[in-house]
Amino acid sequence: AQGRFAYKLLHDLFANYSSALRPVEDTDRALNVTLQVTLSQIIDMDERNQVLTSYLWVRQAWLDAHLTWDKDAYDGIDSIRIPSSYIWRPDIILYNNADDRFGGSMETNVVLRSDGHIMWDSPAITKSSCKVDVSYFPFDGQRCHLTFGSWTYNGNQIDLRNRLDTGDLTDFVENVEWEVLGMPATRNVITYGCCSEPYPDVTYTLLLRRRASFYIFNLLLPCIMVSFLAPLGFYLPADSGEKVSLGVTVLLALTVFQLLVAESMPPSESVPLIGKYYIATMTMITASTALTIFIMNIHHCGPGARPVPPWARRFILHHMARLCCVYEVGESCKSPRRAPGRRVGRGDAGVLGESPEEGEVGAEAGVCPRDRCLCHHDGLLRNVSYIAGCFRRHRAAQRWTSEWKKVAKVMDRFFMWVFFIMVFLMSVLVLGKAA
């Protein structure tokens, strides 16, 4: 009996019904349509193309004045479920749709009650345009808008209202990349330039915050560890020949990370925070490589180098060497400083660092008794004086070369600590700004 009444009800309702006209008794009055959106899942956020793909459940409810019946006349049938294509439906669409196919909602059934109230629940996979701000990537948050409204009916024909002040997040499936902080809903009435009538719409603002753990472990921490390798190039011995190679290798590694970030970001003027960190680090590594080349040139000064200027000897070899804890071989920070030896001029018999035997040879060359050697011959005396002069010049050149090497070593240690502090401060500033 129930089945026969249901068929009879369906036949009676749609005998003289048209789904093309707005179902109101008075055509001058607006039809109230309530909208409720349930966010089920965030499928994808394409930052480069600024498109948000989401899975929504859209519920629309309105009153159809032509689809009412007396439930007592039909064996108490209070509601029926019929295909949505049988009845009139409001043309509510997503205004900021970014899908090239413009696919609408799924053709699901509607719930029709005896008093004419219709409820239409339809799932939809939507692609909406979202203005992405990547200034603080990967510690950024986004505000994506979902604006629903009628395409042809103005506010005098359909009065669109939101059922709740927020979107429903009860059945939301957590996303691995984005955390949903809220989904407030607002009703707007806008008058467009094409028409004089107002058009109401309901805008849902999806508040998203990126889960930064993936990017921290895959982009930020490797960059920080690679950045701390750059100052170690100053600690590398100059004779190893790998100082410049290390700086260039670190620069190339950071370039690869920079390209990975640039591929996923939109080509906008706003540079992401991690991109700024990469650029600052690459600039620092470029400067460190240039300084390394300059210091290696100082280190490899040959025998023809000039003596170290007095100001450099006083400032670098004494003050900066003590500050950077750079001493001669066999000394350390805790060992007492060696007393500086007597500076020897060009005409002195010995030079700094000469052994006692060398001093005795010079002394004997100057005052040699006739009865102990053959120095009374003038030719032999000139040869010995020439050999002693060559030896003194050679020792002086060795001393100047060792001083320039020590200058290079002190500068290496000094710039190593300077760049270590710069890398640490830049890392703290990036993390602090992100927080």
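The values are calculated or read from the model by the stated rules, or taken from the named source; none is laboratory data. Predicted, not measured: the structure shown is a model, and the values here were computed from it. Note: ideal-geometry Cβ built from the backbone for every residue, glycine included; neighbour counts use all protein chains shown. With ligands, DNA and RNA removed, areas are computed over all heavy atoms of the protein, side chains included. Shrake-Rupley method; radii C 1.70, N 1.55, O 1.52, S 1.80 Å.
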Query raised in the report: Is there a residue being in contact with a Lys or Arg (Cβ under 8 Å, 6 or more places away or on another chain), under 24 Å from Arg22 (Cβ atoms) and of a type in the set (Ser, Thr, Tyr) anywhere in the stretch 146-155?
Result: yes
Query - Residue count for the stretch 84-96, restricted to those that are closer than 30 Å to Thr53 by Cβ and open to solvent by 50 Å² or more (accessible area, probe 1.4 Å) - result: 4
Query raised in the report: Out of the residues in the stretch 120-133 that are surrounded by 15 or more Cβ atoms within 10 Å (Cβ to Cβ) and of a type outside the set (S, T, N, Q), which is nearest to Leu9 (Cα to Cα)?
Result: Trp120
Requested in this report: Would you check if Leu221 is open to solvent by 30 Å² or more (accessible area, probe 1.4 Å), outside any helix (DSSP H, G or I) and at pLDDT 80 or above?
Outcome: no
Report summary line: Counting only residues that are within 26 Å of Thr38 (Cα to Cα), open to solvent by 30 Å² or more (accessible area, probe 1.4 Å) and not aliphatic (A, V, I, L, M), the stretch 181-191 contains a total of 4
Query raised in the report: Is it true that some residue in the stretch 60-82 is under 30 Å from Ser264 (Cα atoms), touching a residue at least 12 places away in the same chain (Cβ under 8 Å) and open to solvent by 60 Å² or more (accessible area, probe 1.4 Å)?
Result: no
Report summary line: Listed by range, strands (runs of 3 or more DSSP E) wholly within the stretch 1-100 having at least 3 residues that are among the β-branched types (Val, Ile, Thr) are 31-46, 51-63
**Report entry** Conditions (1) open to solvent by 60 Å² or more (accessible area, probe 1.4 Å); (2) over 30 Å from Pro90 (Cβ atoms): number failed by Cys194
**Finding:** (2)
Query raised in the report: Is it fair to say Tyr215 is closer than 20 Å to Met426 by Cβ and surrounded by 19 or more Cβ atoms within 10 Å (Cβ to Cβ)?
Result: no
